[in-house]
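For reference, the structure discussed in these notes is given below.
The values are calculated or read from the model by the stated rules, or taken from the named source; none is laboratory data. Computed from a prediction, not measured in an experiment: that's the story for all the values here. Methodologically, a virtual Cβ is constructed for each residue, glycine included, from the backbone with ideal geometry; neighbour enumeration extends over all protein chains shown.
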Amino acid sequence: MTERAIILNAGKGSRLLPLTSERPKCLIEFRGKAILDHQIEALLPLDLDEIIIVTGYRGEMITDHIANNVSRYGEKIRTIANPDWAESSSIASVMAARDYLSSNYMVMNGDTVYDAAILKKAAGMAKPGTSLLVEPLAENTEDDMLVKVQDGRVMAAAKTLSREAATHRSLGVIFGRSDGGAYRRMLDEVMACSNGHLQYHHEIINRLAGLQKVHAIESHSGTWQEIDRPEDLVE
């Protein structure tokens, strides 16, 4: 059974301007290497069959970066283009990778770096169906994707959740394990809605959670860093 990771790296990263004026966000250097290199290195211990990177803004630079590092990462990494990246939100990048949302897969935000141990532990905890990696919420910032978890189940996921309702924040990693195509069908439903292409891809989880069990994988240890603004690059 094919196991793959899909990394969503199509956006421009406008909040990191001027750093992203001439290169994509995932190639910005963080702690001595590109954000993308951190992501790939965290995934390699999972021994995946494929790592697929969805590109958009200055996508040719990402493709060249992968080609120039084939000796480090091998042949399992490939890129696919999201042609609608400039007029859409992250859900369009999931749509670009729709054909790969089968067997065992994981979908990752392209602006977050993780300790490899977090991803390996989470992958081992993923249950049949759909799972979302979350962290208990102590205090939230305006950028958090907020999540309501009850009895190990995701009840809702949205940036607009009230602070009273939210119990966790999403770490931006979704796992599909023999889900019968449920995640893909909900992707199609959201995209078919008016302005569906402008939704965050967590809207798939939000709606799916209202129909069936979406498992919450709770992370309590390890470090991760979402990179949205220049200050996030400061060590």
Go through segment 148-175 residue by residue and tally those that are closer than 15 Å to ARG207 by Cβ, in contact (Cβ under 8 Å) with a residue 60 or more places away in the chain and not in a strand (DSSP E or B).
-> 0
Residue by residue through segment 178-235, note down the ones that are crowded, with 18+ Cβ neighbours inside 10 Å, more than 24 Å from ALA96 (Cα to Cα) and β-branched (Val, Ile, Thr).
-> ILE217
Restricting attention to segment 59-79, does a residue exist that is polar (S, T, N, Q) and at pLDDT below 90?
-> yes
Out of segment 71-102, which residues are closer than 28 Å to GLY124 by Cβ and out of contact with any strand residue (DSSP E or B) (no Cβ under 7 Å at 6 or more places or on another chain)?
-> ARG72, TYR73, GLY74, GLU75, ILE91, ARG98, ASP99, SER102
For the subset of segment 83-98 comprising residues that are out of contact with any Phe, Trp or Tyr (no Cβ under 8 Å at 6 or more places or on another chain) and modelled with pLDDT under 95, which member is surrounded by the fewest Cβ atoms within 10 Å (Cβ to Cβ)?
-> GLU87
Options VAL70, VAL113, VAL107, VAL134: the member that is of a type in the set (Val, Ile, Thr) and surrounded by fewer than 18 Cβ atoms within 10 Å (Cβ to Cβ) | VAL70
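When you scan segment 48-146 for helices (runs of 4 or more DSSP H) that lie fully inside it, which ones turn up with 1 or more residues that are in contact (Cβ under 8 Å) with a residue 60 or more places away in the chain?
91-96, 116-125
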Can you name the number of the only condition in (1) farther than 24 Å from MET125 by Cβ; (2) in contact with a strand residue (DSSP E or B) (Cβ under 6 Å, 6 or more places away or on another chain) that GLN199 fails?
-> (2)
Residues in segment 148-178 that are under 15 Å from the mean Cα position of the chain (by Cα) and within 16 Å of SER131 (Cβ to Cβ) total 9
Qualifying residues in segment 116-128 (those that are of a type outside the set (A, V, I, L, M, F, W, C) and in contact with a Ser or Thr (Cβ under 8 Å, 6 or more places away or on another chain)) - the one surrounded by the fewest Cβ atoms within 10 Å (Cβ to Cβ) = PRO128
Determine which single condition SER178 fails, assuming it passes every other condition in (1) at pLDDT 95 or above; (2) over 17 Å from ASP144 (Cα atoms).
-> (1)
